[in-house]
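S.K.: Handing you this structure, nothing more for now.
The values are calculated or read from the model by the stated rules, or taken from the named source; none is laboratory data. Bear in mind that the values here come from a model prediction, so they are computed numbers and not experimental data. Glycine gets a Cβ as well: all are built from the backbone with ideal geometry, and neighbour counts include every protein chain shown. When the accessible area is computed, the model is the full protein with side chains, heavy atoms only, and any ligands, DNA or RNA have been set aside. Shrake-Rupley method; radii C 1.70, N 1.55, O 1.52, S 1.80 Å.
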There are 2 protein chains.
Amino acid sequence: MPRPKSLTQTALAVAALAVLDRDGLAALSMRAVANELGVGTMSLYRYVADRDELEAVAVEHILSQVDVDPPKKALWDKQVAVLAERVRTAIARHPNAVPLTMSHRHRCPSLLRWGEAVLGVLTRAGFTGEERVIALRVVLGYLIGATEMEHRSPLAGEGTDAMTGLSEKYPLLAETAGVAGGIPSDVEFRRGLEVVLSGLRRP
Amino acid sequence: MPRPKSLTQTALAVAALAVLDRDGLAALSMRAVANELGVGTMSLYRYVADRDELEAVAVEHILSQVDVDPPKKALWDKQVAVLAERVRTAIARHPNAVPLTMSHRHRCPSLLRWGEAVLGVLTRAGFTGEERVIALRVVLGYLIGATEMEHRSPLAGEGTDAMTGLSEKYPLLAETAGVAGGIPSDVEFRRGLEVVLSGLRRP
DNA sequence: TTAGGTAGGCGTACAGCGCACGCTTACAGT
DNA sequence: ACTGTAAGCGTGCGCTGTACGCCTACCTAA
């Protein structure tokens with residue numbers, strides 16, 4: 001009956017991510033997103049309740065792209081590894097949004113679906129009860145932590161250079177940073193995940 | 001020669017944490033901290049360059065309280081576990097500051113000292129080169145991730161209740177949430193950490 | 001074809017933020 | 001007692017999120 005909507009929540013999410021990718025986290029504002037869409041600021045409030053929800057919608061859009069079907073005919077640990085790496089990859093596509101991803105992940109349906117999928121794999125592998133709780137937590141914990149570290153770390157990125165100067169106070173850290181600089185981050189992630197899965201494999 | 005300072009960076013940190021603990025993260029502002037100290041807003045800028053530095057000082061104050069001496073005559077994995085739990089404990093004392101702790105940890109001298117201490121333990125345990133890099137990363141990654149999850153998780157706290165309602169869409173997740181609710185969070189952290197350390201013990 | 005109701009779009013305004021600037025003022029050394 | 005120095009802070013600016021209410025495009029019913 002009335003005038004039809006001209007936008008969608010998804011369109012807001014895409015615009016927010018465009019601003020984020022182009023101008024950084026600090027530049028994300030209701031005005032900026034509205035501008036990106038060529039509409040007035042207050043029009044956005046027809047699609048989201050407030051800024052918080054806009055952020056949540058953007059994060060959901062990032063994570064909705066991860067395929068939660070574990071690869072058939074792979075061992076359970078490989079399946080978990082693949083699922084974890086898919087999340088890492090999706091998040092890595094929007095590095096400026098990492099802090100938002102962290103703060104909104106817990107209300108994100110896609111991540112719930114992902115958790116359900118991981119639990120499916122674990123269940124099929126024989127995990128039950130508290131053991132299964134711990135298994136999910138340790139995998140998700142490592143995933144969250146590793147992703148955070150990768151995008152603002154003392155051992156990689158800008159921190160590495162700044163820290164090699166502190167060799168005298170922190171010799172081991174400086175040496176470690178040097179070695180870490182030679183390892184591609186995806187390899188580092190995979191090897192750390194391998195450690196976690198290795199710990200889960202034993203009784 | 002001139003008028004002496006009446007405050008210190010530490011005093012700002014304490015005031016900021018007081019505001020944080022009492023009124024939450026959103027209430028932390030330069031005005032609020034100045035009020036807490038009974039001084040004018042702009043006076044704070046004699047002690048910190050900007051709000052960002054105030055946050056960093058507060059985080060440093062939180063983490064400066066962790067003892068980085070590993071317990072003598074314990075096995076290396078126990079030593080690492082103790083060091084990790086000390087950080088968790090320190091962070092947990094100011095739950096409202098967790099997001100700040102995450103975003104400022106990488107410029108925090110106390111955490112560098114902590115990393116140096118962990119590397120010392122790992123080195124004495126025989127870890128070298130890339131293996132040692134991975135070991136530190138996986139421990140720190142789990143620590144960071146687990147701490148984040150503990151303070152805003154889909155499996156604990158308010159999320160648990162909200163999610164048991166979604167049993168139909170996410171049956172495994174709902175069941176897991178129920179089981180998780182019965183495990184004290186420090187036990188959960190310890191058992192997850194045990195998985196990680198178990199993974200580090202092999203080859 | 002026209003009139004009316006519904007809801008989309010948005011202009012305005014306000015409280016709060018971080019902080020640049022420059023004045024006032026308390027102190028220490030001569 | 002005088003003076004140089006830096007602490008303390010009042011004012012103001014540009015920005016934020018968003019409450020409120022007007023205007024108007026659209027779809028339906030007559």
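S.K.: Any chance you could count how many residues in the stretch A:1-40 are outside any helix (DSSP H, G or I) and within 24 Å of A:Cys108 (Cα to Cα)?
M.R.: Total satisfying the criteria: 5.
S.K.: Checking the condition at pLDDT 95 or above and within 9 Å of another protein chain (Cβ to nearest Cβ), which residue from A:Arg93, A:Arg132 passes?
M.R.: A:Arg132
S.K.: Among residues belonging to the stretch B:10-31 that are over 18 Å from B:Ala90 (Cα atoms) and in contact with a Leu (Cβ under 9 Å, 6 or more places away or on another chain), point out the one that is farthest from DNA strand C (Cβ to nearest atom).
M.R.: Looking at the filtered set, the residue picked out is B:Ala11.
S.K.: Can you find a residue in the stretch B:32-50 that is farther than 29 Å from B:Val187 by Cβ, near DNA strand C (Cβ under 9 Å from one of its atoms), open to solvent by 60 Å² or more (accessible area, probe 1.4 Å) and within 14 Å of another protein chain (Cβ to nearest Cβ)?
M.R.: Looking for residues that are farther than 29 Å from B:Val187 by Cβ, near DNA strand C (Cβ under 9 Å from one of its atoms), open to solvent by 60 Å² or more (accessible area, probe 1.4 Å) and within 14 Å of another protein chain (Cβ to nearest Cβ), one finds at least one in the stretch B:32-50, hence yes.
S.K.: Let me ask something else. Looking at (1) open to solvent by less than 20 Å² (accessible area, probe 1.4 Å); (2) at the interface with another protein chain (Cβ under 7 Å from one of its Cβ atoms); (3) at pLDDT 95 or above, which one does A:Leu173 not meet, given that it meets all the others?
M.R.: (3)
S.K.: Any residue that is in a helix (DSSP H, G or I), within 16 Å of DNA strand D (Cβ to nearest atom) and open to solvent by 50 Å² or more (accessible area, probe 1.4 Å) - is there at least one of those in the stretch B:52-65?
M.R.: yes
S.K.: Does the stretch A:1-14 hold any residues that are more than 7 Å from DNA strand D (Cβ to nearest atom) and over 19 Å from the mean Cα position of the chain (by Cα), and which are they? Steps first, please.
M.R.: We begin by selecting, within the stretch A:1-14, every residue more than 7 Å from DNA strand D (Cβ to nearest atom); these are A:5-14.
Within the stretch A:1-14, A:Lys5, A:Ser6, A:Leu7, A:Thr8, A:Gln9, A:Ala11, A:Leu12 meet the criteria.
S.K.: Moving on. Considering only the stretch B:66-110, state which residues are aliphatic (A, V, I, L, M), open to solvent by 30 Å² or more (accessible area, probe 1.4 Å) and under 28 Å from B:Val33 (Cβ atoms).
M.R.: Residue satisfying the conditions is B:Ala92 alone.
S.K.: For B:Asp21, indicate whether it is farther than 19 Å from B:Leu112 by Cα, in contact (Cβ under 8 Å) with a residue 24 or more places away in the chain and acidic (Asp, Glu).
M.R.: Against the criterion (farther than 19 Å from B:Leu112 by Cα, in contact (Cβ under 8 Å) with a residue 24 or more places away in the chain and acidic (Asp, Glu)), B:Asp21 qualifies.
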